[in-house]
Amino acid sequence: MLRDILHTLRPACLMLVVLSLLTGLAYPALVTGLAQVLFPRQADGSLIGKGGHVAGSSLIGQPFASSAYFWGRPSATSPQPYNAAASGGSNLGPTNPAQLKSVAERAAALRKANADGPVPAELVTASASGLDPHISPTAALYQAGRVARERGLPEEVVRGLITRRAEGRQLGFLGEERVNVLLLNRDLDSLAATGQNGGNRP
Amino acid sequence: MTTSTDFMQLGLFLLALLALSWPLGGYMAAVLEGRNHPLARILGWLERGLYRVCGVDPTREMDWKEYALAMFLFNVAGFAVLYLLLRVQGLLPLNPDGQTGMAPDLAFNTAMSFITNTNWQAYSGENAASHLTQMLGLTVHNFVSAATGIAVLTALIRGLIRRETRELGNFWTDLVRSTLYILLPLAFVLSLALCWQGVPQTFRGTVNATLAEPVVYEIAPGADALKTDPALKPTPAIATQQAIMRGPMASQEAIKELGTNGGGFFNANSAHPFENPTPLSNFLEMLAILLIPAALCHTFGRMVGDARQGWMLLGAMTALFLGFLALCWWAESQGSPQIAAIIGTPAGNMEGKELRFGVMNSALFATITTATSCGAVNTMHDSLTPLGGLVPMVLMQLGEVVFGGVGSGLYGMVVFAVITVFVAGLMVGRTPEYLGKKIEAFETKMCSLVIMVPLFGVLLGTGWAVLTGMGRGAVANPGAHGFSEILYAFSSMANNNGSAFAGLSANNALYNLLGGIVMCTSRFWTAIPVLALAGSLAGKKAVPTGAGTLPTHTPLFCGLLVAVVLVVGALTFIPALALGPIVEHLQMLGR
């Protein structure tokens with residue numbers, strides 16, 4: 001038995017080495033090389049911003065608290081919300097009193113800032129990654145009145161921005177309709193910067 | 001709310017799976033039988049080179065003990081190297097974010113987890129693994145643990161089709177061919193597709209972005225500081241930057257799904273917008289998880305010379321899968337009545353879900369990832385509704401045979417088929433046969449082992465953890481849900497799945513060590529009995545089919561197989577499930 005083990009150990013170790021080089025170095029290196037040529041923007045993280053200045057990634061959500069910005073999903077990352085160096089959800093169960101309490105608090109805050117009545121579910125529940133960049137068009141329109149008021153813009157202008165940023169289901173049937181909150185808020189800021197319609201930055 | 005588009009997505013998904021698994025199944029049969037195929041003409045030199053370097057004679061046949069020894073030693077070597085790598089990663093190159101070595105218990109758990117195709121992660125990828133570890137450690141085992149599964153399955157198929165021989169093939173050729181001709185080409189294509197959708201693939205590290213609006217937050221004082229001064233207040237802080245972590249993700253993401261591994265680059269796994277940026281990437285990832293396990297059913301049919309046998313196994317898996325999917329999807333669409341009352345409108349459960357996927361694609365992913373032994377998640381399972389969370393738990397507890405892991409799922413299902421012919425044989429008083437081989441005492445014993453070992457792992461592990469303070473102290477949610485977290489953890493580790501009710505703080509000595517042992521026994525104490533079964537079957541004569549033979553390709557047999565899988569699972573786990581998700585569901589309705 002011992003002889004069998006010693007006899008098999010050599011190919012076992014060598015096989016591990018060569019397969020490691022193949023799948024652990026050659027494969028990722030080859031994919032990286034091709035990806036950097038074929039899809040350079042995506043391969044580097046879909047970064048946005050001009051020159052050397054990085055303003056974020058179009059795939060990663062950012063926290064917005066000011067009333068003049070659209071708010072995204074609640075984020076349970078720690079210590080600060082939308083911490084891209086520590087993704088994760090709240091992991092609260094549906095019957096946990098702490099969960100029901102935070103949902104009630106978020107709903108009350110949203111009703112106070114926007115309007116009474118039904119609140120979009122994704123605005124009171126934390127996302128899985130804590131970095132969800134999207135809300136539904138419904139949840140964006142729900143906030144349009146507030147944002148327009150805070151910025152001194154006509155509500156149709158704000159609604160127009162939402163319609164322009166809204167993405168349909170991918171290929172017409174996949175996933176959900178959504179609006180990227182960071183990109184939408186950047187639209188608001190560039191509108192203010194160009195001074196159209198007298199909009200002002202917060 | 002369920003819409004017709006949801007049904008269309010599901011229908012197209014199943015159609016795509018069906019359409020791709022048939023040709024892939026045939027191709028894999030060609031690869032595993034060593035027949036000529038186009039890729040062998042292109043990469044044949046590499047395959048022969050690998051054998052030469054390792055001093056392996058690819059024509060030499062092994063008996064079941066040699067095969068098992070080669071399989072086991074290869075994995076032992078993999079464990080040792082990975083453990084070392086995790087311990088010393090801080091001193092090695094390709095570490096742009098300065099990760100340090102893992103603690104011994106965490107490194108033990110992680111190494112065990114990745115060699116066993118479990119990918120249970122007691123660490124979070126963001127702050128525990130360097131790029132070198134992700135590639136040379138974790139990605140490698142994503143490949144070879146899946147290839148090991150295919151190899152063991154192939155040996156079992158040879159045991160069924162060969163007669164009066166001890167020879168089961170050569171582990172090294174099965175390993176190399178599975179890696180080189182099946183996993184690598186698929187992973188290569190998928191990783192580029194994922195990168196196109198937005199998954200990063202770079203050796204550069206973290207980039208700091210300036211936030212559009214600075215965020216004010218509080219840093220809670222540490223537990224130790226609070227002990228000395230309970231009056232400590234949280235410190236206010238302000239963040240103006242967002243650290244965006246990057247790395248060679250697409251290459252790892254692809255094999256993570258294809259090999260039913262599930263170990264994510266990030267803590268949030270496939271819910272992270274970098275790991276799974278769009279609905280299309282989500283569609284491809286779900287397809288990738290199911291593709292090889294489904295296609296192997298056809299490979300089985302081709303290799304045993306009766307395609308209907310493969311269809312029967314695929315049918316049983318699909319029937320179980322659709323039943324559980326319906327329950328999970330329904331429960332998640334209903335959401336929680338308490339939250340509906342607060343927000344003033346009925347809504348699906350969105351806690352722990354990403355908006356781009358919504359309820360349907362999250363429920364579908366949760367069902368797929370636990371029907372197979374993948375364990376990648378695009379939704380936080382801990383925040384699923386009680387019945388929505390029961391589905392992943394039960395799918396794992398059934399022994400990961402509903403599609404299951406790459407290779408391991410099908411050999412588990414074949415074991416259940418053997419048990420089914422045994423049970424049917426008892427009913428009519430005839431010696432049971434499967435595919436022309438008599439099933440006798442030794443085969444039945446090996447099959448029982450394969451089924452029983454993970455069951456013991458789940459129940460004994462859970463029992464041990466709830467009896468200790470360290471085990472109970474790790475739970476995040478109160479009451480029945482807390483028990484579910486522990487039950488889920490051991491269901492996952494003992495069936496080599498790797499997903500979690502992630503509120504559980506599993507990075508402590510108890511979960512790391514006990515979990516590591518459970519993962520190891522469940523993987524190898526099933527793979528080795530399967531090889532013993534294969535060896536015993538190979539030595540038998542073929543019995544001619546007679547009037548009394550139970551045909552194993554019929555819908556009747558398929559129904560019987562489904563029933564046996566469900567009854568074994570139900571008898572074992574209903575008491576435990578009653579204490580966790582079932583009681584929580586009643587509490588949610590009764591509140």
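Throughout, read-outs are computed from the coordinates displayed, never taken from laboratory work. Only a predicted model underlies this, so the values are computations on that prediction, with no experimental measurement involved. As a convention, Cβ positions derive from the backbone with ideal geometry for all residues, glycine included, and neighbour counts pool all protein chains shown.
Once you treat every alpha carbon in the stretch A:45-193 as an equal point and sum by Debye, what is log10 I(q)/I(0) at q = 0.12, 0.13, 0.20 Å⁻¹?
-0.52, -0.61, -1.38
Go ahead and set up a Gaussian network model of chain A, Cα springs under 10 Å, then flag whichever of A:A35, A:A115, A:A139 fluctuates most.
Maximum among the listed residues: A:A35.
With +1 on the Cβ of every Lys and Arg and -1 on the Cβ of every Asp and Glu, and nothing else charged, how large is the dipole of the protein assembly as shown about its Cα centre, in debye rounded to the nearest 20?
With only Lys, Arg, Asp and Glu charged at Cβ, the dipole is about 860 debye.
Straight distance only, please: which lysines reach the Cα of B:K256 with their own Cα at less than 23 Å, same-chain residues fewer than 8 apart left out?
B:K353
Note the per residue figure in Å³ for the convex hull of the C-alpha positions in the stretch B:407-588.
On the way: hull volume 23.5 nm³, N = 182.
Once divided by residue count, the hull of the stretch B:407-588 is 129 Å³.
Check the straight Cα-Cα distances from A:K112 and name the aspartates and glutamates below 16 Å, setting aside those fewer than 8 residues away within the same chain.
A:E150
Long-range amide H contacts for B:E433: which residues qualify at under 5 Å (H placed 1.01 Å from N, peptide plane, sequence gap of 5 or more or a different chain)?
B:I439, B:L550
Cβ under 15 Å from B:V450's Cβ, B:V450 left aside: what net charge do those residues give with Lys, Arg +1 and Asp, Glu -1?
So the environment of B:V450 carries a net charge of 0.
Let me check against my output: what whole-number percent is the relative contact order of the stretch A:5-81, with C-alpha pairs under 8 Å and at least 6 apart?
Taking the mean separation of contacting Cα pairs over the length of the stretch A:5-81, I get 12 percent.
Can you give the mean number of other chain Cβ atoms that lie within 10 Å of the Cβ atoms in peptide B:203-209?
The mean count of partner-chain Cβ atoms within 10 Å per residue comes to 5.
Considering only the other residues whose Cβ falls under 13 Å of the Cβ of B:S505, what net charge follows from Lys and Arg at +1 and Asp and Glu at -1?
Values: positive: B:R472; negative: B:D382, B:E485.
With Lys, Arg at +1 and Asp, Glu at -1, the neighbours total -1.
Please label the shape of the protein assembly as shown as rounded, prolate or oblate, based on the square roots a ≥ b ≥ c of the eigenvalues of the alpha-carbon gyration tensor (a/c under 1.5 means rounded; beyond that, a/b larger than b/c means prolate, else oblate).
Because a/c hits 1.5 or more and a/b exceeds b/c, the protein assembly as shown counts as prolate.
For B:F483, what is the net charge nearby, where nearby means another residue's Cβ is under 13 Å from its Cβ and Lys, Arg count +1, Asp, Glu -1?
So the surrounding residues net to -2.
Got a sec? How would B:R87, B:R302 order by Cβ neighbour count within 10 Å, fewest to most?
B:R87, B:R302
Enumerate the calculated ³J(HN,Hα) couplings along the stretch A:167-183 in order (Karplus 6.51 cos²θ - 1.76 cosθ + 1.60, θ = phi - 60°), each rounded to whole Hz, writing x wherever the residue is Gly or Pro.
Ordered by residue, 3J(HN,Hα) equals 10, x, 4, 5, 6, x, 9, 9, x, 10, 6, 7, 10, 7, 5, 4, 5 Hz.
Compute the acute angle (0 to 90°) between the alpha-carbon long axis of helix A:27-38 and the principal axis of greatest extent of the alpha-carbon atoms of chain A; round to the nearest 10°.
Approximately 40 degrees, to the nearest ten.
Counting only other chains, what is the mean number of Cβ atoms within 10 angstrom of the Cβ of each residue in peptide A:116-125?
Details: counts 1, 3, 6, 5, 5, 15, 8, 2, 6, 12.
Other-chain Cβ atoms within 10 Å of each residue's Cβ, averaged: 6.
Would you mind putting B:64-73, B:472-481 in packing order, based on average other-beta-carbon counts within 10 Å, highest first?
B:64-73, B:472-481
As an exercise, use a Förster radius of 22 Å and the Cβ-Cβ distance of B:A243 and A:A98 to find the FRET efficiency, rounded to the nearest 0.05.
Once rounded, the FRET efficiency stands at 0.20.
In square nanometres, what is one fourth of the surface area of the convex hull spanned by the alpha carbons of chain B?
Details: hull surface 113.6 nm².
If I average the Cα hull's projected area over directions, I get 28.4 nm².
Using amide H atoms built in the peptide plane, which far-off residues or other-chain residues are under 5 Å from B:Q241 H to H?
Residues meeting the criterion, in which the H sits 1.01 Å from N, are B:L211.
Applying the Karplus parametrisation 6.51 cos²θ - 1.76 cosθ + 1.60 with θ = phi - 60° to the phi angles of the stretch B:455-462, what ³J(HN,Hα) value in whole Hz is obtained for each residue in order, glycine and proline being reported as x?
Each residue of the stretch B:455-462 in turn: 4, 4, x, 5, 6, 5, x, 4 Hz.
Could you state the angle between the C-alpha long axis of helix B:386-397 and the longest principal axis of the C-alpha atoms of chain B, as a value from 0 to 90 degrees rounded to the nearest 10?
So the helix axis and the longest Cα principal axis differ by about 40 degrees.
Compute the length gained on full extension between B:M8 and B:I42: take 0.36 nm times their separation in residues and subtract their Cα-Cα distance, giving the result in nm to one decimal.
Result: 8.3 nm gained on full extension.
Remind me, relative contact order of chain A in percent, using alpha carbon pairs under 8 angstrom and six or more residues apart?
19 percent
Enter the Cα centre distance for the pair the stretch B:279-327 and the stretch B:343-386, rounded to the nearest angstrom.
21 Å
Considering only A:G175, A:G56, A:G145, give the residue with the highest GNM mean-square fluctuation for chain A, with springs between Cα atoms whenever their separation is below 10 Å.
The residue that fluctuates most here is A:G175.
Enter the Cα centre distance for the pair the stretch B:95-148 and the stretch B:485-517, rounded to the nearest angstrom.
Result: 16 Å between the Cα centres.
May I ask you to list the aspartates and glutamates whose Cα is less than 16 Å away from that of B:K541, ignoring any residue fewer than eight positions away on the same chain?
Once the sequence-local aspartates and glutamates are set aside, what remains near B:K541 is B:E164, B:E167, B:E433, B:E440, B:E443.
Can you compute 3J(HN,Hα) from phi for each residue in the stretch B:440-454, using the Karplus curve 6.51 cos²θ - 1.76 cosθ + 1.60 with θ = phi - 60°, rounded to whole Hz and x for Gly and Pro?
10, 4, 4, 4, 5, 5, 4, 5, 4, 4, 4, 7, 7, 4, x
Based on the mean of other beta carbon atoms within 10 Å per residue, what is the order of B:215-226, B:417-428, most packed first?
B:417-428, B:215-226
Select from A:R186, A:R146, A:R41 the residue whose mean-square fluctuation is largest in a Gaussian network model of chain A (Cα-Cα springs shorter than 10 Å).
Looking only at A:R186, A:R146, A:R41, the largest GNM fluctuation is found for A:R41.
Compute the orientation-averaged projected area for the stretch B:27-180 from the convex hull of its Cα atoms and round it to one decimal in nm².
Reported value for the Cα convex hull: 10.5 nm².
Among B:C297, B:C558, which comes first, second and so on when ranked by fewest other beta-carbon atoms within 10 Å?
Starting with the residue having the fewest Cβ neighbours, the order is B:C558, B:C297.
Using only Cα atoms, locate the centre of the stretch A:1-79 and the centre of the stretch B:15-67, then give the distance between them in Å, rounded to an integer.
The distance from the Cα centre of the stretch A:1-79 to that of the stretch B:15-67 comes to 29 Å.
Please give, to one decimal in nm, the separation of the simple spin-label points placed at B:L232 and B:E33, each 7 Å out from Cα toward the Cβ.
It works out to 6.8 nm between the two label points.
For chain B, what is the calculated [θ] at 222 nm in deg cm²/dmol (nearest 500), taking -39500 (n - 2.57) for each run of four or more DSSP H residues and dividing by its residue count? Don't jump to the answer; show the numbers that get you there.
Values: 21 runs with 357 residues, N = 591.
About -20500 deg cm²/dmol.
When Cβ neighbours within 10 Å are restricted to other protein chains, what is their mean count per residue of peptide B:241-249?
Mean shielding by partner chains, rounded to a whole number: 6.
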